[in-house]
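> What follows is a structure written as structure tokens; I'll ask about it next.
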Amino acid sequence: MKGSLPQPAKGVIARHVAGETVLVPTRVNVATFDNVYLLSKVGAFLWQQLDGTRDRQALCQLVRDKYAVPADRDVDADVDTFLTELDRRGLLQ
């Protein structure tokens, strides 16, 4: 995923429900809720930043700045995991 500019896949809708961010891919059967994803607070923040203009490094810096992450905390691995999971589930293009 290095060097890529991640952005949401077409047909994935983010909705805020009761203070939570939920991703709903409209291309699959959502009646069973098997393909509906609940994001953490940081995940929701990252999702909002996925506009196809920021690479992984820029996303990591945004997380560091927004959440005042201590210098000894490696956010890169967390961001990589998040992006990998989104990609694995078909939520990125």
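Coordinate-derived values only; no laboratory data. Note that the structure is a prediction, hence the values are computed from the model and not measured. Virtual Cβ from ideal backbone geometry, glycine too; neighbours counted across all protein chains shown.
> If you put +1 on each Lys and Arg Cβ and -1 on each Asp and Glu Cβ, how big is the dipole of the chain around its Cα centre, in Debye rounded to 20? Walk me through the numbers before you get to the answer.
Details: 12 positive and 12 negative charges, 60 e Å.
Roughly 280 debye, rounded to the nearest 20.
> List, in order, the whole-Hz ³J(HN,Hα) value for each residue of segment 9-21 obtained from phi through the Karplus relation with A = 6.51, B = -1.76, C = 1.60 and θ = phi - 60°; use x for Gly and Pro.
Couplings: 5, 4, x, 9, 10, 9, 10, 9, 10, 6, x, 10, 9 Hz.
> Using the Karplus curve 6.51 cos²θ - 1.76 cosθ + 1.60 with θ = phi - 60°, work out ³J(HN,Hα) for each residue of segment 68-76 in order, rounded to whole Hz, and write x for Gly and Pro.
Running phi through 6.51 cos²θ - 1.76 cosθ + 1.60 with θ = phi - 60° gives 6, 5, x, 4, 7, 8, 8, 7, 4 Hz.
> Against the longest alpha carbon principal axis of the chain, how many degrees, from 0 to 90 and to the nearest 10, is the axis of helix 56-67 turned?
Helix 56-67 sits at roughly 80 degrees to that axis.
> Pulled fully out, how much extra length does the chain show between V36 and D78, if you take 0.36 nm times their separation in residues and subtract their Cα-Cα distance? Show your work: numbers first, answer last.
On the way: separation 42, 0.36 × 42 = 15.12 nm, distance 2.10 nm.
Going from the current span to full extension adds 13.0 nm.
> Further, regarding this structure: Once every DSSP H run of n ≥ 4 in the chain is given -39500 (n - 2.57) and the sum is divided by its residues, what mean residue ellipticity at 222 nm do you get, rounded to the nearest 500 deg cm²/dmol? Intermediate results must be reported in sequence, preceding the final value.
Working: 3 runs with 35 residues, N = 93.
One gets -11500 deg cm²/dmol as the mean residue ellipticity at 222 nm.
> Under 5 Å between amide hydrogens, which residues at least 5 positions from V12 or on another chain qualify, with H placed 1.01 Å from N in the peptide plane?
T26
> Students often get this wrong, so try it: which of (1) 1.10; (2) 1.01; (3) 2.17 is Cα Rg over 2.2 N^0.38 Å as calculated from the structure shown?
(1)
> Relative contact order, percent, of the chain when contacts are C-alpha pairs under 8 Å separated by at least 6 residues?
Values: 109 pairs, mean separation 32.1, N = 93.
It comes to 34 percent, rounded to a whole number.
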